[in-house]
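Taking it in order: structure first as structure tokens, then the write-up.
What follows draws every value from the coordinates through simple rules; no lab data is involved. Quick caveat, the model's predicted, so the values are computed rather than measured. Note: ideal-geometry Cβ built from the backbone for every residue, glycine included; neighbour counts use all protein chains shown.
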Amino acid sequence: MVDNIRLPISSGQKAIVLKAIQDPADVSHNLLAVFELKGFANCHQLMPRLVQAIASRPALLMRIEQENGAFFQIGGSIEDIKIQTVEVSSPSVEYIVKDAQDLADRPFEILGEALIRIRVYDREGLPPVLAIIANHTVADLASLHIVFEDIVADSKGGLRNSDLSSLQEFLAHDILARRGQNGERSADFWRVSLQGAPEETGLPLDRPRPVRRARRGISVRRDIAPETAAQVGRLAREIGATEFTIYLAAFFLLLSIHDDSGSIVVGTPVSLRTKSSLRKVVGYLANVVPIRIEFPEFSTAADVIRAVRARTAEAMDHADHPLDAILRAAHVKTQANVAPLFQTLFMWNDIRSPARGRSTSDLQILHLSQRGCAFDLMPTVFMTEEASWFSLQGDAGIFDRTTLDRLADYFFRIVDLVCKDPALPLESLRSCLGPPAFLAGHSASANEGAIGHIFRYLASGSDAIAVQTGSRSISYAQLSRHAGTAQDHLRKLSLGAGDTVALSFDRSVGYIAYLLACLASGIAFVPVSASEPCDRLLGMLQRAGASCLVTDREFRPDISVAQHASVSFAGQPIADVELYDGEGSAAAYVLFTSGSTGLPKGVVISRDALSKTVAKLSDLVGFSQNDSIAAISAFTFDISLLELLMPFFRHGRLHLLDDEASGDPVRIAGYVAKHPVTFLQATPSMWRLLVMARLDSALPLTALCGGEALGPDLAQDILPKVKVLWNLYGPTEATIWATAHQVITHNDEIPIGLPVSGMNIGIFGRDGALLQQGVVGEVGLAGEGLALEYASDPISTAERFRALAGGGEVGRWYLTGDLGMIRDGRLLFRGRRDGQVKINGHRIELGEVAGIAERVDGVTEAAAVAWREGPQTHISLFFSPSEKAASDIVETRILHAIHDSLPRQMHPRDIRAIERIPKTSSGKTDHRELKHLAAQQRIERRADNAYRGPTTSVEAALVDIWESVLRIDPIGVDDDFFDLGGTSIQGVEIAVRAQNLDLQISPETILAYSTIAEISAELIRVSSIDA
């Protein structure tokens, strides 16, 4: 009995309590032990011994209370603990373990409740089975085994005395460990040893991390064969280490295959029962310590084993320093969706030694586990007298069981390899673990490619319709003459093969004519937008080497180039186009993307790459003479070239939607429904809007989707509305699309797919080595579609286009910066290695945004971060002003610089001055902290705005739509769309949803009026709606 005894709680207990209060459904600190008690004939014989064993352990009777903000533990009695007896008709061990697991997966009420549950299974004619579920605050796994030993000992006449004084001794020691000279010494040790440690360990995740960790666990188990255990024991003796060290080193080696940062941190629990008086005390007498290994220092597996032995010994000298204090010493910040400092916890449970000299043959372990999953991966080695096994538990929110199976297999393969040859070079380890992460596309066909075929068909003078634009139809014969007219104009401008020209056109046949004229003449073209900021556009033309800009509009007076020619197609075309038969390696076009250096990069694509890619993609997706495609992509996107050239290659038809219609999902859906369109290409953002715009179901439509990640939910919405759905992937540097996957089902993650013909895929580590399948690394692309270079940028060209070994040969590879893995013969996307993001299909380097700000007078440093709000991605920009600069004046300068230098899609939603840009312990910009500041800024801005609710039915309907689309609640009728962070895509989505409610709102209406009150008033004025 320990009724009303009051004790403080340890730092470890406090951390568990705070987690449970924050997430009451979390069971990741529930422990389960299931034992068969062979020394008892039935439950009646067991029960008195069980009660005595529990009652003699004060820690098990404690409950946690809170008073004036402080936590403490107060003693209870055995009557507070619910002990259930269950009669089971089935003696199946599997049934009993499953029932006990279900009981263990119920969370405890952390404050005020007894934190142990007991269930006894009465099996007629068989020994009883006992399941004990305890929260970590009152016991660790070693404690549960001690309790079972107590029961066995008691059945033989022994009875343990209360260990209350030992608990009090431990808690006093815990307090001292954080204070005084020893606490300062340990804090200094952890600060130094963890300086510059990586924030995350690279792991082969099956899906991106959710916003908040699931903490639901899935696990796989492998028995440790006696011969394997014997091998490990022999190696431990030879190298002067423990078995624990060998297994932990094997786990580090497994992680090094998936994490190429060179620095890996793993947590491991350690017992704090260092004094003899504490060794058999029941309670939470443990801490978790981080072990850090720097792999560049080692060359063999034996080196790693010795390093693990040394680092572990050092950590054990400071193991009594609580984990939360270690994290503070290392300046590690906590997050909702990732465990701080280390995401893997290696556990060692060796219970082979008999307790107190008595035999444990009366105990049969059926199950030991920690429920839920407190970390991403939790490998555990169990060593018992009867058997040994390895359990690998993973977070179900980010791992599939198949991945855990593969990791467990790799772990044992590493153990076997290391035991057989401790001198195994680390660089040889990867090749021993599985096939390389390499996929080769089928050999390119012997066809000449698309360009020559297109011009031969144009020369045939066919009257078949080539282009449909509005009410106007243009035959192939007419298109040939239009291209001939454009070619003649280019000659008059003294432009010929090898020259470069910039094109800026409305969405009309004029652009197609000049595009074809350039291809026919061997002139490289540079598609540019008239809305580009002046300095940016001039820089692009200079780097591309464009001496002339040709346009069909009255162009901007702020743009001055060597030649500036306006053209018109009002008259009749004069001549057929003539094909230039030049070098296939010559440039076909230059297309600019965002650059991390602060300047856009001009990607130079060859004629061969364009010609062969269009031909191969046409074959792949099955475009034929009877097909037609609706072209909606901006001409400055390289995917528009597939829309413009594929129909001509197959003698099909191009539907060219004008500027207004191409960005309006309602008009696109209406056009597709009314015209014989069989192909449509768009980003996932646009496909989502098309689905909302009530795109007709079961259209004979082949959907091409790419430019952003396609999620299973969106695929589920698209599939019923189309005949075929393709998920496509490819950076600008690989000519339109490099990989493709036909989506059949939406149940799982959508792969990026296989390489298109003539392309190869490899997954590479930071050292440029080809990784193994199932390992996450940087996606590399090689083959016929690769760009020639970055225009006027040899340094970036050399950095990104490199000679690497892949598929057994050394070739020219483009390292994309995308992270991916190859699994089951398919490429899966895993995010970015750098600061590049995709917003509505636009490729944006956050470094370019920050670079513009850092060039502004008065800015010491700047950083940009991207964050998601629902399906939409936004940018926030932070800057640190110099000491003498006024932040509001500097912010105004930044706004002007961004407006003058960056296109609209790259403008940050927020700009904020802060005293200094936060850094990680390794001295890098702390992007997680910046995202937290961005979120805090949104909360503060919402709190500052006066709220006025809707007063009419129209305003109420619009408020509902805005709150749903913008993911902000509440929204007032006077809140400005742009101040709320609204984007053009979201404006289109709002318009679509409003039109579905018969509110005739266009995206232009939202841009013009921007508040719900003004939009509602405009609706009443124009449509006389009864509000």
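Of note:
- Scanning residues 5 or more positions from Leu285 or on other chains, those with amide H under 5 Å from its amide H are Asp140, with H placed 1.01 Å from N in the peptide plane.
- Counting only DSSP beta bridges with both residues in the chain, the antiparallel share comes to about 70 percent.
- Mean-position separation - Cα centroids, the range 410-443 and the range 705-744, in angstrom: 33
- Packing-based ranking of 846-852, 775-781, 925-931 yields 775-781, 846-852, 925-931, ordered from highest to lowest mean Cβ neighbour count within 10 Å.
- Protection proxy ranking for 283-290, 586-593, 318-325, using the average of other Cβ atoms within 10 Å per residue and placing the highest first: 586-593, 283-290, 318-325.
- Loop-resident sites, the range 11-118, for trypsin sites (Lys or Arg not before Pro), counting at most 11 other Cβ within 10 Å (DSSP): Lys82
- The value obtained for the range 445-558, namely the Cα convex hull volume divided by the number of residues, is 134 Å³ per residue.
- Whether the range 6-169 is rounded, prolate or oblate, judged on the alpha carbon gyration tensor where a/c under 1.5 counts as rounded: oblate
- Beta bridges assigned by DSSP with both partners in the range 450-742 are antiparallel in approximately 30 percent of cases.
- Qualifying chymotrypsin sites (Phe, Trp or Tyr not before Pro) for the range 951-989 [loop in DSSP, other Cβ within 10 Å: at most 15]: Phe978
- Calculated log₁₀ intensity ratio I(q)/I(0) where the Debye formula runs over C-alpha points of the chain, q = 0.07, 0.08 Å⁻¹: -0.74, -0.92
- Kirkwood hydrodynamic radius computed over the range 754-833 comes to 12.9 Å, based on all pairs of distinct alpha carbons.
- Long-range HN-HN contacts of Ile291 with modeled amide H, under 5 Å: Val266, Gly267, Thr268
- Between the range 668-688 and the range 8-67, the Cα center-to-center distance that results, in Å: 60
- Dimensionless Rg/Rh of the range 244-380 - Kirkwood Rh, Rg from C-alpha atoms: 0.99
- Three-way shape call for the range 953-1023 based on the alpha-carbon gyration tensor, with the a/c threshold at 1.5: rounded
- Whether the range 450-742 is rounded, prolate or oblate, judged on the alpha carbon gyration tensor where a/c under 1.5 counts as rounded: prolate
- Across all directions, the average flat footprint of the convex hull enclosing the Cα atoms of the range 375-523 is 19.4 nm².
- The listed peptides 231-239, 763-771, ordered by packing as a protection proxy, come out as 763-771, 231-239 (highest mean of other Cβ atoms within 10 Å first).
- 5 Å binning of all Cα-Cα separations within the range 601-759, expressed as whole percents from 0 upward: 2, 9, 20, 23, 22, 16, 7, 2, 0
- Within the range 6-169, percent of DSSP bridges classed antiparallel, to nearest 5: 80
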